[in-house]
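The values are calculated or read from the model by the stated rules, or taken from the named source; none is laboratory data. Just so it is clear, the structure is predicted and the values come from calculations on it, not from any experiment. Methodologically, a virtual Cβ is constructed for each residue, glycine included, from the backbone with ideal geometry; neighbour enumeration extends over all protein chains shown. Side chains are part of the model used for accessible areas, which takes the heavy atoms of the whole protein and leaves out ligands, DNA and RNA. Shrake-Rupley method; radii C 1.70, N 1.55, O 1.52, S 1.80 Å.
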Amino acid sequence: MKIPFSWMKQHVQLTATPTEIADDLIRLGHEVEVVEQPRAAVKGVRVGLIESKIPHPNADKLSLLKVNIGEKEPLEIVCGAANMGEGDKVPVATIGTLLPNGLKIKKGKIRGEVSCGMCCSEAELGLAEDAAGLLILPADAPIGAQVGEFLALEEAVFDLSITPNRGDCMNVRGIARDLAADAGLALTDVDVPQVAVDAAIDAPNVSVSAAEDCPLYLARRVSGVMVGDSPMWMQAALIMAGMRPVNGIVDVLNYIMLDIGQPMHAFDADKLSGDISIRSAAGGEDFAALDGRALTLNSGDLLVCDDSSVIALAGIMGSEATGVSESTRDIVLESAFFRQARVSETRRAYAMVSEASMRFERGVDALMVEIAMQRATAMIVDLFGGSAGEISVVGDAAGINSGRQVRCLLSRIATRLGIEIPESADAVLARMGFGVLRNGDDLQIDVPSFRHDVSIGEDISEEYARIIGFDAIPELLPPLATTAPVQKDTAIHDAVAGGFLQVVSYAFISASEQRLFVADDGADIELTNPISDAMSVMRRSVWPGLLNTARYNLNRQQPGVALVEQGRIYAKTEAGHDENNVIAWLMSGEVQTDEWFAAARQGDFFDLKGALEVWLARRGLTARFIADDAIQGLQAGQSAKILIGRAEAGRIGRVDGDIAAALDMDAPVFVAEIDLDALPAGKKAKFAPLPEFPGVERDLVFLFDKHTSSDAILNAVKSAAGKLLSDARIFDLYAGKGVPEDKISLGIRFTLQDAGRTLTQEDSDAASNAIIAAMEKKFAAGLRG
């Protein structure tokens with residue numbers, strides 16, 4: 001954003017030089033890209049009177065001029081322009097002058113004729129991007145005067161890069177406010193002229209159905225205007241500020257926007273049909289914008305409409321059909337407060353950036369909405385005639401972004417900055433518009449309505465840092481309170497060490513994906529403004545993201561995938577929402593490729609179960625896997641809940657065949673998920689010497705009911721065998737000839753060992769008998785003959 005120095009001085013009587021002002025702005029947190037000096041850039045360009053003009057003898061399109069610049073003899077200049085004549089006064093760049101475009105004027109010959117200078121256009125003086133001929137100066141321009149002084153060119157123009165959080169500084173007054181507060185100077189009051197109201201002019205009928213996105217809207221009709229060019233002083237100010245003059249009405253609105261930060265819009269009243277309404281788009285509506293683009297609007301876009309069409313994309317751009325032209329006689333002025341997020345979302349959706357949208361996105365001052373309307377009306381009536389009707393007002397400016405307070409501790413701010421906060425800084429903060437109350441270490445700040453960026457104590461720390469100066473803050477970090485070291489989370493690293501590939505997927509999924517593994521119980525967190533339908537809810541399971549990643553890789557001829565992801569899942573609660581930290585695995589396809597030493601092998605439930613057991617063992621934990629056919633999205637008979645101790649910590653199983661088929665995944669897909677927040681602290685590994693005495697290994701084979709849990713069997717074995725038991729596992733399973741249909745044969749292998757002695761036959765028999773008795777009592781299982 002460019003700000004002419006003279007414009008800045010209209011709001012505060014600055015006495016410092018432009019260089020000093022630039023330093024102050026940088027200290028206050030405003031990035032100064034460059035300080036342009038238009039007046040100095042044309043030093044050496046003087047007012048010249050053309051005394052004679054004759055054709056060049058060797059070139060049809062050149063002329064030989066004699067130009068009087070107030071010296072003893074007129075200058076002889078060869079010129080290629082055609083719009084000047086004898087008696088005209090023009091800018092003359094004398095020998096040695098360096099023009100803004102980098103051209104240095106030298107004495108030379110052009111087609112055999114000597115030229116001792118150069119007559120200039122607006123473009124060559126840096127006043128316009130292009131020009132059709134020389135700049136013809138007024139007849140009263142004093143011969144020989146410096147053109148920069150005569151044209152009252154700016155002493156300096158500050159080109160600033162305003163940070164996105166400082167919407168209050170996207171205007172001259174906002175920057176002047178910071179400088180005035182810093183220097184202890186008075187900020188001039190905003191002029192609010194009162195315009196005579198013509199009772200014969202009806203006020204526009206306005207309705208707002210999208211009050212959340214448009215809490216304040218003002219409209220006013222001005223009749224009988226004669227649209228023409230804006231005055232030269234206004235055009236010059238706009239050009240210096242980097243804007244192109246359009247027509248008188250548009251220029252007035254742009255001037256006010258640059259001056260006090262409130263964007264406005266003008267409609268040709270004769271092109272409006274009926275009442276004005278501010279509403280949300282239904283989706284699929286058409287809009288032809290002022291920049292010539294034809295848009296099909298999205299549902300939820302904020303619109304300004306009349307009874308027949310969309311007349312503006314609120315806060316961004318008006319329609320081409322209702323734009324103001326030279327033939328316009330009646331206008332409707334709009335001044336409003338549009339919600340930042342809504343304007344930002346719509347602007348990004350259509351890649352449509354405007355000066356208005358940049359300010360609405362950052363936040364405007366609701367208290368300036370009516371002031372801008374009054375100033376614009378008065379200026380238009382004064383410059384272009386006409387009469388104004390009453391202002392139609394929907395909403396209340398006083399209730400927008402007002403009454404906000406931030407409470408914090410001065411000691412905390414001082415600790416953060418490493419410097420004490422002097423009371424003199426409070427006075428500067430107050431001049432910036434804040435209310436400041438100190439009570440011992442307590443600090444209460446009343447935030448002005450135009451500061452949308454201040455809401456927490458850290459924001460106040462930043463304000464004090466700007467006031468004191470970042471260069472005054474010590475280079476050393478302030479002492480910080482010591483805290484216990486954070487324990488490193490190795491969950492994902494341990495899983496990757498187990499042969500799985502880490503992936504990171506979005507926390508947003510579609511509602512249909514949510515239903516694959518989670519019932520519709522009303523606990524979904526739906527996004528208000530989703531990027532797309534495929535990202536409309538917060539995930540309650542990591543499995544959908546893993547499935548999409550697996551499908552993508554398998555479809556690209558990967559023989560198998562083993563994926564793991566650690567992340568959060570989200571669910572709505574009465575108190576707000578819950579976030580759980582989980583880790584999830586997926587395995588599908590080959591776990592062993594075809595090699596000379598072994599054939600290819602597809603992964604199965606037990607491959608994934610084994611990987612989880614190894615992962616848990618690294619945490620000093622063991623788990624029990626209890627069959628559970630009621631887990632949504634998993635196949636009955638191949639799914640289980642994971643218990644650690646008595647608490648459920650996760651789930652494991654094969655993805656239901658219908659789900660896999662819908663995703664075009666032919667190979668079985670196995671998934672697991674563990675809630676990291678539910679895991680207890682594991683046992684720390686302890687050193688154990690190798691046993692000095694041998695162990696005893698025995699096998700027992702029983703007939704069990706088919707539906708008996710292997711986990712329950714092993715737990716009973718461990719309980720019955722006593723302290724001598726060091727290991728127990730199922731080593732054989734058989735069902736078929738010789739075994740009843742409702743039974744299954746399981747071989748149990750157990751190992752006994754004592755660190756202090758060699759076991760006897762009696763020890764082995766006692767343990768075997770105890771296990772046999774336990775199997776009989778608990779499962780009615782007898783030894784297989």
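Here are some notes:
- FRET efficiency estimate (nearest 0.05) - Cβ-Cβ, residue 10 to residue 618, R0 56 angstrom: 0.20
- If the segment from residue 27 to residue 715 were pulled out straight at 0.36 nm per residue, it would be longer than the present Cα-Cα gap by 240.5 nm.
- Å² per residue, accessible surface of the range 364-423 at 1.4 Å: 47 Å²
- Out-of-range pairs (alpha-carbon distance over 29 Å; input 641/683; 684/777; 609/723; 684/778): 684/777; 684/778
- From the coordinates shown, semi-axes √(5λ) of the Cα gyration tensor in Å corresponds to which of (i) 48, 31, 26; (ii) 80, 49, 26; (iii) 80, 31, 30: (iii)
- Think of a 1.4 Å ball rolled over the protein heavy atoms: the range 103-242 then has 47 Å² of accessible area per residue.
- Other residues within the sphere of radius under 11 Å centred on the Cβ of residue 660, judged by their own Cβ, net out at -2 (K and R +1, D and E -1).
- Relative contact order for the chain, counting Cα pairs under 8 Å that sit 6 or more residues apart, in percent: 8 percent
- Positive-end residue of 720, 695, 680, charge dipole of the range 678-723 with Cβ unit charges: 680
- 15 Å Cα-Cα reach of residue 743 towards aspartates and glutamates, excluding residues that sit fewer than 8 places from it in its own chain: 705, 732, 776
- Normalised contact order of the range 89-202, rounded percent, pairs of Cα under 8 Å and 6 or more residues apart: 17 percent
- Summary of the geometry: the range 203-251 and the range 635-681, compared by the centres of their Cα atoms, lie 62 Å apart.
- Pairwise FRET efficiency - residue 575 versus residue 191, Cβ, R0 = 51 Å, nearest 0.05: 0.50
- Computed over the range 668-785: relative contact order in percent, which uses C-alpha pairs under 8 Å that are six or more apart: 35 percent
- Between the range 422-462 and the range 32-110, the Cα center-to-center distance that results, in Å: 56 Å
- Table column - 3J(HN,Hα) (Hz), the range 206-222, Karplus curve with 6.51, -1.76, 1.60, x for Gly and Pro: 10, 10, 10, 9, 10, 5, 5, 8, 9, x, 8, 9, 10, 9, 8, 9, 10
- MRE, 222 nm, helices only [DSSP H, n ≥ 4, -39500 (n - 2.57), over the chain, to nearest 500]: -7500 deg cm²/dmol
- Portion, in percent, of the accessible area of the chain that falls on carbon or sulfur, probe 1.4 Å: 51 percent
- Principal-axis analysis of the Cα atoms of the chain puts helix 172-183 at an angle of about 80° to the longest axis.
- When each of the peptides 211-218, 585-592, 229-236 is scored by how many other beta carbons lie within 10 Å of its residues on average, the order from highest to lowest is 585-592, 211-218, 229-236.
- Two-site label geometry, residue 502 and residue 155: point separation in nm, points 7 Å out along Cα→Cβ: 5.9 nm
- Farthest positive-ward along the range 59-162 dipole, Cα basis, beta-carbon charges - from 87, 64, 144: 64
- Rough spin-label spacing in nm, given labels placed 7 Å along Cα→Cβ, for residue 770 and residue 19: 9.5 nm
- Rounded to the nearest 10 degrees, the inclination of helix 605-617 to the longest alpha-carbon principal axis of the chain is 80 degrees.
- The range 631-656 residues near the modelled residue 707 label - backbone nitrogen below 19 Å, point 7 Å along Cα→Cβ: 631, 635-641
- For the chain, the longest principal axis of the C-alpha atoms and the axis of helix 340-350 are separated by about 90°.
- Net charge of the neighbourhood of residue 707, taken over other residues with C-beta under 12 Å away and scored Lys/Arg +1, Asp/Glu -1, is -1.
- Summary of the geometry: the range 252-271 and the range 522-547, compared by the centres of their Cα atoms, lie 41 Å apart.
- Over all other residues within a Cβ to Cβ distance under 12 Å of residue 36, the charged ones net out to -2, with Lys and Arg as +1 and Asp and Glu as -1.
- Between residue 427 and residue 233, the modelled label-to-label distance comes to 3.4 nm, taking each label 7 Å out from Cα in the direction of the beta carbon.
- 1.4 Å probe accessible area per residue over the range 513-590, in Å²: 48 Å²
- Bridgeable lysines around residue 106 (alpha carbons under 25 Å apart, same-chain partners fewer than 8 residues away excluded): 43, 53, 61, 66, 72, 89.
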